[in-house]
Amino acid sequence: MVPDHIIFLGYGIPALILYLFTIVSFVSIRHILSSTFFSISILTSIVNLLTYFNVWFTHRLRLEPAFNFYYHFANWTVVLPPIHIFLSGSFYFAQNINSALLVMDRYVAIAALGSTEEWIRRWWQLAALLYALCALAYFLAAGYYDPIYIPDYVYVVSSNSFVTYPKELNKRVPLFLSLQAIFGLAIILFCAAVNIITWIRLRQLKSSKKAVSTVTLLPLRNNDQD
């Protein structure tokens, strides 16, 4: 086994187990959380777990001869290699979107109570739209519309392992890395601005003694919501 992978597994497996226990604990208190906060958090957990396993299959296990059978099979299916690599980039956008959704959910719970019902109905539509737009942007930036840029697993006899990207795809790396950097910066600025607005509103509510039980760091379920 590649030494780096031993290190990754050494801390990765305990961290994964702890993460799963955290999800179970979170689910056990879902009755005191708002439905949107719980749903977005579960969506975030699913994306995080898929990202973790996809990274292993896309970038790490291809260096392990014991898993060569999988990459031969993936090449045989034709569609698995580009799916793995496309998801590797797309999950970056999904994780950032989920962070923004959690910030927005807290904002609605604290600073925009009048929009709660609309947020409950529309948040998943917003999430789906952002997922689709980012996936399309990444698809175009990576050049997957052109067959010469479609990634594959290439077997290297000398190392008895696989490499992931065709040389042609390297020409697109600066473009989609720039896209990721710009998107990530935009999300950071957006979340920072919304958090500041939420904090200001929270201080106003506390100073006017109008803070209610829903004004917490974790959006809790209102008594009139089911």
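Is it true that Leu189 is of a type outside the set (Val, Ile, Thr), part of a helix (DSSP H, G or I) and either at pLDDT 90 or above or under 28 Å from Ser39 (Cβ atoms) (or both)? Considered against the rule, which asks whether it is of a type outside the set (Val, Ile, Thr), part of a helix (DSSP H, G or I) and either at pLDDT 90 or above or under 28 Å from Ser39 (Cβ atoms) (or both), Leu189 comes out as yes. Regarding the stretch 50-64, can at least one residue be identified that is without any contact (Cβ under 8 Å) to a residue 24 or more places away in the chain and of a type in the set (Lys, Arg)? Looking through the stretch 50-64, none of the residues is without any contact (Cβ under 8 Å) to a residue 24 or more places away in the chain and of a type in the set (Lys, Arg). Among the residues of the stretch 1-38, just one is in contact with a helix residue (DSSP H, G or I) (Cβ under 6 Å, 6 or more places away or on another chain) and of a type in the set (S, T, N, Q), namely Thr36.
A Cβ distance below 8 Å, combined with a sequence gap of six or more or placement on separate chains, defines the contacts here; from the stretch 127-154, residues that are of a type in the set (Asp, Glu) reach residues that are at pLDDT below 95 and not in a loop (DSSP other than H, G, I, E, B) in the pairs Asp152/Asn75; Asp152/Pro81; Asp152/Pro82. Among residues of the stretch 12-37 that are within 27 Å of Trp123 (Cβ to Cβ), those with a Cβ under 7 angstrom from a residue that is hydroxyl-bearing (Ser, Thr, Tyr) and in a helix (DSSP H, G or I), sequence gap 6+ or separate chain, pair up as Ile23/Ser45; Phe26/Ser41. Screening Ser207 on (1) among the polar types (S, T, N, Q); (2) at pLDDT below 90; (3) under 20 Å from Ser88 (Cβ atoms) shows it passes everything except condition (3).
One line per residue, one yes/no per condition, for (1) polar (S, T, N, Q); (2) closer than 22 Å to Thr164 by Cα:
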residue: Ser25; (1), (2): yes, no
residue: Phe37; (1), (2): no, no
residue: Ile42; (1), (2): no, no
residue: Ser45; (1), (2): yes, no
residue: Thr51; (1), (2): yes, yes
residue: Arg60; (1), (2): no, yes
residue: Val78; (1), (2): no, yes
residue: Ser88; (1), (2): yes, yes
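With respect to (1) of a type outside the set (Asp, Glu); (2) in contact with a helix residue (DSSP H, G or I) (Cβ under 8 Å, 6 or more places away or on another chain); (3) closer than 30 Å to Val156 by Cβ; (4) surrounded by 14 or more Cβ atoms within 10 Å (Cβ to Cβ), the lone exception for Leu50 is condition (4). The set of residues in the stretch 68-94 that are free of Cβ contacts under 8 Å to residues at least 24 places away in the same chain and surrounded by 17 or more Cβ atoms within 10 Å (Cβ to Cβ) contains only Leu80. The helices (runs of 4 or more DSSP H) located wholly in the stretch 66-176 that include 3 or more residues which are of a type in the set (Phe, Trp, Tyr) and farther than 25 Å from Ser35 by Cα occupy 68-77.
The values are calculated or read from the model by the stated rules, or taken from the named source; none is laboratory data. Keep in mind the model is a prediction, meaning the values are calculated, not measured. Every residue, glycine as well, gets a Cβ built from its backbone with ideal geometry; the counts of neighbours run over all protein chains shown.
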